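Heads up: the structure comes next, in structure tokens.
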Amino acid sequence: MAAVPKDVVWIASYPKSGNTWVRFMACNLMHGRQESASMLNTLAPDVHEMPGAVAAVPPAGLLKTHFAFSSKLPYAERTAAAIYVVRDPADVLASNFFYSQRSQRHSDTSPAVFDRYFDAFVEHRGDPRWIQLGMGSWEDNVRSWLSATRDFPVVRIRYEDMVADPPNACRAIARLLRPDSSEADISQAVQNSTFERMREIERADIRDKRVGIFYKPYLQESIDSGNRFMRRGIVGDGSARLTADQRLRLAAAFAPLLQESGYSDA
């Protein structure tokens, strides 16, 4: 039998950890300035949105996923490398809460609803919806990709480091995807991937109804009410929303991995 080609590079993360930012940056670096999120599903297809869950003939190149890594991951056997984005779980929690409201007909972001979401997130160690869909808990997802036993290279990018120094994050991406990138290439990709630039693209995609990450027809009512995919992107926003007791509970739930990932001084 012919050897299975190793031709898939994953852009992976737990949901709402910065995957879209990395995906834009990688596509801007490799293919030039992107004008619409709709192109990302051509240049770096989302495995969750492929027809029939997965294509009969898998595309070579970049693929985006929120699945935990396992032998059940589509095209796992074709994995050449991965870029994995990790983010402080407090910010992940808050971002997922507001994302969940984006898909609701009548959103409710009241403190009581947020507190119930927090309790469920801590109890299940992640958003129960994502667990049901095979993405695992936050900890399971992170460990599945960053395990030392992986037989392929994984570029680990912390969301917070990306915010602090976007060019350095882009250099790490370039070393894997386009090693001959110049500093001018890096600078251009960073400028084309800023938060405000992605907000501009979201506004244009919504205006022109270009289906992709930012616009989907079934979200029209939510969009009309002002909900957006590109919400804030601020480091520490999640922790600021938590009470002192909630911060302690979250830290206790994820203590070992928080320390390993640089999110705890303990």
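The values are calculated or read from the model by the stated rules, or taken from the named source; none is laboratory data. The model shown is predicted, which means the values in this text are computed figures rather than measured ones. Using ideal geometry, Cβ is built from the backbone for each residue, glycine included, and neighbour counts are taken over all protein chains shown. Keep in mind that these areas ignore ligands, DNA and RNA; they rest on the heavy atoms of the full protein, side chains included. Shrake-Rupley method; radii C 1.70, N 1.55, O 1.52, S 1.80 Å.
Of all the numbered requirements in (1) out of contact with any helix residue (DSSP H, G or I) (no Cβ under 9 Å at 6 or more places or on another chain); (2) at pLDDT below 95; (3) surrounded by 13 or more Cβ atoms within 10 Å (Cβ to Cβ), TRP145 misses one, and that requirement is (2). Taken over region 129-163, residues that are closer than 23 Å to GLY236 by Cα and free of Cβ contacts under 8 Å to residues at least 24 places away in the same chain amount to 2. Filter region 149-159 for residues that are within 15 Å of ARG23 (Cα to Cα) and among the charged types (D, E, K, R); which is surrounded by the fewest Cβ atoms within 10 Å (Cβ to Cβ)? Among them, the one singled out is ARG156.
Residues that are within 15 Å of PHE24 (Cβ to Cβ) and either in contact with a strand residue (DSSP E or B) (Cβ under 7 Å, 6 or more places away or on another chain) or among the charged types (D, E, K, R) (or both) were ranked within region 160-176; the one that is surrounded by the fewest Cβ atoms within 10 Å (Cβ to Cβ) is ILE173. Scanning region 246-266 for residues that are over 21 Å from the mean Cα position of the chain (by Cα) and closer than 18 Å to HIS124 by Cα returns GLN246, ARG247, LEU248, ARG249, ALA251, ALA252, ALA253, ALA255, PRO256.
Before we move on, is ALA82 under 18 Å from ASP151 (Cβ atoms), at pLDDT 95 or above and in a loop (DSSP other than H, G, I, E, B)? No, not satisfied. Hey, among the residues in region 115-142 that are in contact with an Asp or Glu (Cβ under 9 Å, 6 or more places away or on another chain) and surrounded by fewer than 19 Cβ atoms within 10 Å (Cβ to Cβ), which one's farthest from ASP91 (Cα to Cα)? Result: ILE131. Only a single item in (1) more than 20 Å from ILE157 (Cβ to Cβ); (2) surrounded by fewer than 18 Cβ atoms within 10 Å (Cβ to Cβ) is not met by ALA80, and it is number (1). Among the residues of region 86-94, none qualifies, meaning not one is free of Cβ contacts under 8 Å to residues at least 60 places away in the same chain and either closer than 24 Å to LEU62 by Cβ or crowded, with 21+ Cβ neighbours inside 10 Å (or both).
Filtered by the rule that a residue be surrounded by 13 or more Cβ atoms within 10 Å (Cβ to Cβ), modelled with pLDDT of 90 or more and assigned to a loop (DSSP other than H, G, I, E, B), region 230-266 gives a lone residue, LEU242.
Within region 181-207, residues that are closer than 15 Å to ALA26 by Cα have Cβ atoms under 7 Å from residues that are aliphatic (A, V, I, L, M) and not in a helix (DSSP H, G or I) in these pairs: PHE195/MET230; MET198/MET230, counting only partners at least 6 apart in sequence or on another chain.
Considering region 183-199, the residues that are open to solvent by 20 Å² or more (accessible area, probe 1.4 Å) and over 19 Å from the mean Cα position of the chain (by Cα) include one that is nearest to SER17 (Cα to Cα), namely GLN191.
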